[in-house]
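These notes concern the structure reproduced below.
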Amino acid sequence: MPASVAALLRVFDVFNLSIDAFGVPLSCLQLGSFYDQLLFLVFMPCVLGLGILLCSMTAEVLAKRTAASLKVCLTQALPYLLYVLFFAFPLVSSTAFQTFDCEEFDGGSTRFLRADYSLDCNGAEYGRVVYLAWVAIALYPVCVPLLYLMLLLTARKAILAEQPTALSRSLTFLHRDYKPSMYWWEVVEISKKVRSVVHCRYH
């Protein structure tokens, strides 16, 4: 792995929340293999997001005693969903890109994954890991910036006019640190991290 990529991954790791840090061995969670860990990291934010949305819908029903509007519930849950993505993005992204970091032995005849030396990069199991890694890259480094951009463009008029709407208030996490005219800059910031990894990897 190029030194520049390793340095960038170390930056990602600063923001990572390790499961081991909570005193729960990965083996107890049946997450002993690299594949299981990556699978957990990819889908756990989705489960948390669904839980947040369900709580929002339940609160809406209890408050109004009527059927919950999906749009209203999504808007109310959006700030919490953005926080989940904020913490999940660097963790999932760095782990997914580690999939392509294999160390060669015996003059290149054998290759093992640096993150899990029990995984043979020439074996069939590694193919499953690579497939999952591409799913993770599609969902997070690709789709998350696009989601940010779509949401910010939808709320751009309210942000530029500084006349908050329910949606623009829900997106405060993304634009509060920038001038109204630069409301989209968070998309640039998150995309720069992804481009740096890709550029160093393939150039």
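The values are calculated or read from the model by the stated rules, or taken from the named source; none is laboratory data. Worth saying up front: this structure is predicted, and the values here are computed from it rather than measured. FYI the Cβ positions are ideal-geometry reconstructions off the backbone, even for glycines, and counts take in every protein chain you see. Ligands, DNA and RNA are stripped out before the accessible areas are found, and what is left, the full protein with its side chains, is counted by its heavy atoms. Shrake-Rupley method; radii C 1.70, N 1.55, O 1.52, S 1.80 Å.
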Residue among PRO79, CYS121, PRO90 farthest towards the positive dipole end of region 69-121, charges placed on Cβ: PRO79
For region 49-203, convex hull of alpha carbons as volume per residue, Å³: 131 Å³
Contour excess over end-to-end distance, with Cα ends at ALA115 and LEU153 and 0.36 nm allotted per residue: 9.8 nm
Which of CYS102, CYS143 is most accessible, then next, and so on - probe 1.4 Å: CYS143, CYS102
Net length gained if the chain between LEU54 and VAL72 were fully extended (0.36 nm per residue, minus Cα distance): 5.3 nm
Gain on full stretching of the segment that runs from TRP134 to SER181 - 0.36 nm per residue minus C-alpha separation: 13.5 nm
Label-point separation in nm, PHE87 to GLU103, each point 7 Å along Cα→Cβ: 3.1 nm
Inter-site label distance for ALA63 and ALA124 at 7 Å from Cα along Cβ, in nm: 5.3 nm
Accessible area per residue in Å² at 1.4 Å probe, computed on region 70-156: 50 Å²
